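Please read the structure below before turning to the comments.
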Amino acid sequence: MVSSLLTSSGSFSSQTYTQVCSEASCCTRCSLHATRTKAVFGQGVAPCSIMCIGEAPGADEDAQGVPFVGRAGQVLTMMLSSIGLSRPNDVYIANTLKCRPPGNRTPLPAEIEACYPFLLRQIFEVKPKILILLGSPAMKTILNPTESISKMRGRWVDLPTDYQEAPIKVITLFHPSFLLRNPSKETGSPKWHTWNDLQAIRSELNNS
């Protein structure tokens, strides 16, 4: 189910985190650079025990250069707060893409591939104990599963790396924007599942 281990090697292995961040701000690896206002690299401290990976910047993120600052970001902030985590000190937040796709469309495979070295370096720098994948694009990028997000969400996966002994504990959650479109809190709803998934994360943190 897991595509491969996470590796510290790659095109940025000889550069500092600051240099990689600077390169992302002027990246032209795919066509999205032509329509972006700002590249959105990440927010938080590194290393950090918790890392969240979302899909791609939206309009607010593109304008401010910070991930998850729009309506979905407000939901994510509340989700994290519900289990005692606050931004930016407790969580490092990034996306599979660093530039906004036109009209907030789903990232294309070629775009994700172009951005993957940046994401790989972020994970290496953050060295999270727990990696939270928000939505299907993030799940597919990191885990390459054969099942849908409705089957994968809430399931823990151990992801080995070549730079630390213990594997990263990975869990997939519904994306906050999906929760905005599905506001019901009834048993079995996306919000109900997400609440239970968050409690599983809190339990894992308490035991780590």
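Figures for the structure shown
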| item | result |
| --- | --- |
| Matching residues in the stretch 73-98 - criterion: being within 13 Å of the chain's Cα centre (by Cα) and either of a type in the set (Val, Ile, Thr) or closer than 30 Å to ASN206 by Cα (or both) | GLY73, LEU76, VAL91, TYR92, ILE93, ALA94, ASN95, THR96 |
| Inter-residue pairs, beta-carbon under 9 Å, first modelled with pLDDT under 95 and in the stretch 160-173, second β-branched (Val, Ile, Thr) and part of a strand (DSSP E or B), 6+ apart | PRO160/ILE168; THR161/ILE168; PRO167/VAL157; PRO167/THR161 |
| Matching residues, the stretch 16-59, being under 28 Å from ALA166 (Cα atoms) and of a type in the set (Asp, Glu) | GLU55 |
| Criterion violated by ARG100 - all others in (1) surrounded by 14 or more Cβ atoms within 10 Å (Cβ to Cβ); (2) touching a strand residue (DSSP E or B) at 6+ places or on another chain (Cβ under 7 Å); (3) not aromatic (Phe, Trp, Tyr) satisfied | (2) |
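The values are calculated or read from the model by the stated rules, or taken from the named source; none is laboratory data. This is a predicted model, so every value here is computed, not measured. Positions of Cβ are backbone-derived with ideal geometry, glycine not excepted, and every protein chain shown enters the neighbour counts.
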